[in-house]
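Inspection log for the structure reproduced underneath, given as structure tokens.
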Amino acid sequence: MRQIIDLTVNGRPHELAIDIRESLADLLRNQLGLTSVKKGCEVGECGSCTVLLDGTAVNSCIYLALWAKGKNVLTVEGLSGPSGELNPVQQAFIEEAAVQCGFCTPGLILTGVELAGSGKVFSREELRREISGHLCRCTGYENILNALEKALRQPELKSE
């Protein structure tokens, strides 16, 4: 069964016909071509499909596209500034060498953007807990935590 929904993705409004059983991850990848949304485990355990939904990180592989009706979705493709500059969280990941294969990176970056938007100050242990829903098979997480700490210290992120 198909249904038409409206939603905003990366600041652009869309009206799309969806299968009511379709996941948000499938909608973003297959209909909108947003391949930063990775499908890893497809059961909400690895975090590679993380997107921000009205500012909150969600596992889009287990979130029905139908539930996103009327909501704002942000993927890594929507983080760039008007001149193509990287978001400070993305820049920190580069500067701290927090990327290896890159499969988990978009989800971790979006979680970082959510954390920055909270305005809270996080200890390293709290950051470790906050990213515990993300699996990375390449790193020991130390550079990822370094990047998040660096990004969250930046004052311009507090207002996003």
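The values are calculated or read from the model by the stated rules, or taken from the named source; none is laboratory data. The shown structure was predicted, so the numbers you read here are calculated from the model rather than taken from an experiment. Counting neighbours? That spans all protein chains shown, and the Cβs are built from the backbone with ideal geometry, glycine included. Note: areas computed on protein heavy atoms with side chains; ligands, DNA, RNA excluded. Shrake-Rupley method; radii C 1.70, N 1.55, O 1.52, S 1.80 Å.
Summary table
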| quantity | calculated |
| --- | --- |
| Solvent-accessible surface ranking, highest first, for PHE122, PHE93, PHE103 at 1.4 angstrom | PHE103, PHE122, PHE93 |
| Shape call, the stretch 65-160: gyration tensor on alpha carbons, a/c limit 1.5 | rounded |
| Eligible aspartates and glutamates near LYS150 by straight Cα distance, threshold 13 Å, same-chain separation 8 or greater | GLU95, GLU96, GLU142 |
| For LEU64, distant residues with modelled amide H under 5 Å away | LEU24 |
| Mean residue ellipticity (222 nm) of the chain, computed from DSSP H runs ≥ 4 via -39,500 (n - 2.57), nearest 500 | -7500 deg cm²/dmol |
| Two-decimal log10 I(q)/I(0) for the chain, as the Debye equation yields it once each C-alpha is a single scatterer, q = 0.12 Å⁻¹ | -0.49 |
| Cβ-placed point charges (K, R +1; D, E -1), dipole of the stretch 72-160 about Cα centre in debye, nearest 20 | 220 debye |
| Interchain or long-range residues, amide H under 5 Å from VAL9's placed H | HIS14, VAL73 |
| Rounded to whole Hz, the Karplus (6.51, -1.76, 1.60) HN-Hα couplings of the stretch 111-118, x for glycine and proline | 5, x, 5, 4, 4, 4, x, 6 |
| With every protein chain in place, the stretch 77-160: carbon and sulfur % of accessible area (1.4 Å) | 52 percent |
| Magnitude of the charge dipole, the chain, Cβ model with Lys/Arg +1 and Asp/Glu -1, debye to 20 | 180 debye |
| Charge-dipole axis of the chain as Lys and Arg at +1 and Asp and Glu at -1 on Cβ define it, positive-most pick from CYS46, HIS14, PHE93 | CYS46 |
| Surface accessible to a 1.4 Å probe, per residue, for the residues of the chain, Å² | 51 Å² |
| Gaussian network model of the chain, Cα within-10 Å springs - most flexible of ARG12, ARG124, ARG29 | ARG12 |
| HN-Hα J in Hz across the stretch 129-145 - Karplus 6.51, -1.76, 1.60, θ = phi - 60°, x for Gly and Pro | 5, 5, 9, 5, x, 10, 9, 10, 9, 9, 9, x, 6, 4, 5, 5, 5 |
| Label-point separation, ARG2 to ASP19 (7 Å along Cα→Cβ), nm | 1.2 nm |
| Binned Cα-Cα distance frequencies in the stretch 1-59 - 10 Å width, integer % | 22, 55, 23 |
